[in-house]
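Notes follow the structure.
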Amino acid sequence: MTFTPHGKHLVAGEWVATDTTFSSEPAHGPSHTFCVGTPDLVARACAAAEAAFETYGYSSRESRADFLNAIADEIEARGEAIAQIGTQETGLPEARLEGERGRTCGQLRLFADHILKGDYMDRRHDVALPDRTPLPRPDLKMIQRPIGPVAVFGASNFPLAFSTAGGDTAAALAAGCPVVVKGHAAHPGTGEIVAEAIDAAIQKTGMPAGTFSFIQDNGYEVGSALVQHPLIRAVGFTGSLRGGRALFDLCATRPEPIPFFGELGSINPVFCLPGTIKKRAETLGQAWAASLLMGAGQFCTNPGVALVVKGPQADKFVQATVSALQEATPQTMLTDGIAEAYARGVTDFAKTSGVQQLVSEKCVGRQAVATLFKVSGTEWRANEALSDEVFGPLGLIIEVEDVDEMVALAKSFDGQLTCTLQMEHADMAHAARLMPVLERKAGRILVNGFPTGVEVADSMVHGGPYPASTNFGATSVGTLSIRRFLRPVCYQNMPDDLLPERFQI
Ligand code: NAP
């Protein structure tokens, strides 16, 4: 089944063309032409989303669950075509896209089950106490309600699971919020076919047409207009710190500021404790290198930094990592721009004082080769730029004098999506010293694993202190992510007939 995109936008059930176009830049296969959206089109989509909210925001949980399941079915029905266009546009292997499709559909179905259970509404009831002295207590009921139209921006590296029908869209739709997606220019055809699947699900389940719109752009005009549109009530964003911060600032300076839920980049430090380095330096080096190479390092959870206490055992870890990375073959990156940014990042690291480059092959075009650097703890602290994410297969080893310095360095890390402890039982006391520091730095702390796989589950937290995300206390993965698109409302002395129909104690 081949798919040839028509390149139009989807606005409230209608495929709309605009005058200006851009061409996709696939890793292989044909390039296609896509329309560039306009602020007028954004306004149309937002007005339709607000109109849809009047019914969708009050729809039953059962009907929304049917809708989410229907989206998953429609995506699966287009599975082959999605994998074909997705792999052409991104260069990601078909098997990876098939896995990501499974994750995306699983996520939609998980949200369907989650809203049916109903716990997410966090219903509370303080029964009236008319005889209480000195003052009676009114009857108080509280429930979480959907906030209204939500804007969604996906990331280049997850063309399905963090894009058009990804986690943000699934969570917002589950909550009862219509969604307007700004399509990602790195995978516009993949975005279009997934939008088509959502549209088919809308028609199949009789949801209002404005429940979902999708607007393409290869620049910033659509995104900027979208986050500033007065009818948008919140933004779900996955992408770079630079892009996220620009849009976050726009949200904050609106006449009526709105929450911006940005999931941004991270360097995900791995703390290799002495007992581990003593026991399994070589296997740990090989495993870290394998994790760095996954998906050409294009994961927000890529474990870009490893901390070790220097000495002969640490040398074995370094050597094992070097050997594993030197054996790796070049990998295709998602876009020409990302490949250029990676090559620039490598050059900048190499020029930084005190930094030693241990693996250095030149990248050619969109093909990235892995790179490894080493630096002392003192030099790392003196060079702020070494804390920045370089999106790609770049590893940095920080050699510290002792565990005291490791703890001190942990305190100076920026906010992270994840921190990892590589430890043996003998390291328990060191780990216990690090834990209170790491808890304040990251949304997820792992022991003896690597952070690249993010389970979609009730307990998952994919977020963390800024700059890992712009959110306080939120996650973009797992069922808890629905809370971002809900708002508590208290109903005081409210007759049952006026309460949302889902309110049952
Ligand atoms: P990106 O360049 O920030 O793009 C994300 C989206 O934002 C795109 O639609 C992009 O538009 C738009 N955008 C970027 N800058 C903008 C601006 N100034 N104004 C308006 N719109 C703007 O990120 P990416 O390259 O797609 O993704 C890679 C980054 O995402 C990495 O840093 C990675 O770590 C991070 N990431 C984070 C997570 C997480 O969950 N924390 C997950 C995956 C990836 P265009 O399409 O026109 O460029």
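The values are calculated or read from the model by the stated rules, or taken from the named source; none is laboratory data. Just so it is clear, the model here is predicted, and its values are computed rather than measured. Here Cβ is always computed from backbone atoms with ideal geometry, including for glycine, and neighbour counts include all displayed protein chains. Keep in mind that these areas ignore ligands, DNA and RNA; they rest on the heavy atoms of the full protein, side chains included. Shrake-Rupley method; radii C 1.70, N 1.55, O 1.52, S 1.80 Å.
Key figures
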read-out	value
Selection from segment 310-345 of residues that are open to solvent by less than 20 Å² (accessible area, probe 1.4 Å) and within 16 Å of the ligand (Cβ to nearest atom)	333, 334, 339, 342, 345
Residue satisfying all of: in segment 444-455; at pLDDT 95 or above and touching a helix residue (DSSP H, G or I) at 6+ places or on another chain (Cβ under 6 Å); nearest to residue 431 (Cα to Cα) among these	445
Filter result for residue 389 (away from the ligand (no atom under 16 Å from the Cβ), among the acidic types (Asp, Glu) and either assigned by TED's automatic domain parsing to the domain that holds residue 320 or open to solvent by 40 Å² or more (accessible area, probe 1.4 Å) (or both))	no
Neighbours by Cβ (under 7 Å, 6+ apart or cross-chain): first from segment 94-120, in the same structural domain as residue 71 (by TED's automatic domain parsing) and among the charged types (D, E, K, R); second outside any helix (DSSP H, G or I) and open to solvent by less than 50 Å² (accessible area, probe 1.4 Å)	100/158; 100/160; 100/161; 101/160; 103/161; 103/456
Any hit, segment 69-88, residues being touching a His at 6+ places or on another chain (Cβ under 7 Å) and either among the basic types (Lys, Arg) or in a helix (DSSP H, G or I) (or both)	yes
Residues (more than 10 Å from the ligand (Cβ to nearest atom), out of contact with any Ser or Thr (no Cβ under 7 Å at 6 or more places or on another chain) and part of a loop (DSSP other than H, G, I, E, B)) located in segment 156-172	164
Evaluation of residue 473 against (1) more than 11 Å from the ligand (Cβ to nearest atom); (2) at positive phi; (3) surrounded by 22 or more Cβ atoms within 10 Å (Cβ to Cβ) (one fails), failing number	(3)
Selected residue (only one of 239, 275 is under 17 Å from residue 389 (Cα atoms) and touching a residue at least 12 places away in the same chain (Cβ under 8 Å))	239
Within segment 333-368, tally of residues that are within 20 Å of residue 398 (Cβ to Cβ) and touching a residue at least 24 places away in the same chain (Cβ under 8 Å)	10
Unmet criterion (only one of (1) within 16 Å of the ligand (Cβ to nearest atom); (2) in the same structural domain as residue 147 (by TED's automatic domain parsing)) for residue 441	(2)
Verdict on residue 456 being open to solvent by 20 Å² or more (accessible area, probe 1.4 Å) and under 14 Å from the mean Cα position of the chain (by Cα)	yes
Qualifying position, being more than 16 Å from the ligand (Cβ to nearest atom) and surrounded by fewer than 24 Cβ atoms within 10 Å (Cβ to Cβ), among 239, 275, 285, 243	275
Tally of residues being among the polar types (S, T, N, Q), more than 15 Å from the ligand (Cβ to nearest atom) and open to solvent by 10 Å² or more (accessible area, probe 1.4 Å) across segment 198-225	2
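Okay, residues lined up against (1) open to solvent by 60 Å² or more (accessible area, probe 1.4 Å); (2) small (Gly, Ala, Ser):
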{"position": "11", "(1), (2)": "no, no"}
{"position": "19", "(1), (2)": "yes, no"}
{"position": "23", "(1), (2)": "yes, yes"}
{"position": "29", "(1), (2)": "no, yes"}
{"position": "34", "(1), (2)": "no, no"}
{"position": "56", "(1), (2)": "no, no"}
{"position": "64", "(1), (2)": "no, no"}
{"position": "71", "(1), (2)": "no, no"}
